[in-house]
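Chemist: There's a structure below that I have some questions on.
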Amino acid sequence: KKSEVSEVMTKADMKPKSMHRAKIWSDDIENLYRFQQAGYRDEAEYKQVKQVDEVECWPETGFVKKLQRRDNTFYYYNRQRECEDKDVHKVKVYVY
């Protein structure tokens, strides 16, 4: 039986099959926006690169609170929505 860690790594090693752009805002799109601002495709890639199990989130909203970029600087995000309607179409949604 595989350990959870190796399953997560296998999932993170997977390359996306396809990509489309977000059309309407949602909680998931908000978090993808935050990961992509910090230079990652999504949560899976962030966890793989930074070797972390959990991403810090705001308890009230569930949005990502803090991300570490590849150059080790940190991005801090607000509790509220940050991805404005004009930016929604920039968010890439990857399908695995």
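Chemist: Report, by residue number, each residue of the range 56-66 that is out of contact with any Asp or Glu (no Cβ under 6 Å at 6 or more places or on another chain) and buried (at least 17 other Cβ atoms within 10 Å of the Cβ).
Modeler: Passing the criteria: only 64.
Chemist: Take the range 67-93 and flag every residue that is open to solvent by 60 Å² or more (accessible area, probe 1.4 Å) and outside any loop (DSSP other than H, G, I, E, B). Give the steps one after another, and end with the answer.
Modeler: Residues of the range 67-93 open to solvent by 60 Å² or more (accessible area, probe 1.4 Å): 69-76, 78-81, 84-86, 89-90, 92.
Result: 74, 75, 76, 85, 86, 92.
Chemist: I'd like the full set of residues that are aliphatic (A, V, I, L, M) and within 13 Å of residue 37 (Cβ to Cβ), limited to the range 50-67. Before the answer, list the steps.
Modeler: Kept after step one, since they are aliphatic (A, V, I, L, M), are these residues of the range 50-67: 52, 55, 64, 67.
If the condition is that a residue be aliphatic (A, V, I, L, M) and within 13 Å of residue 37 (Cβ to Cβ), then 64, 67 are the ones that fit.
The values are calculated or read from the model by the stated rules, or taken from the named source; none is laboratory data. All values derive from a computational prediction rather than experimental measurement. When we count neighbours, we look across all protein chains shown, and the Cβ atoms used for this are built from the backbone with ideal geometry, even at glycine. Areas reflect the complete protein model, heavy atoms only, side chains present, ligands, DNA and RNA absent. Shrake-Rupley method; radii C 1.70, N 1.55, O 1.52, S 1.80 Å.
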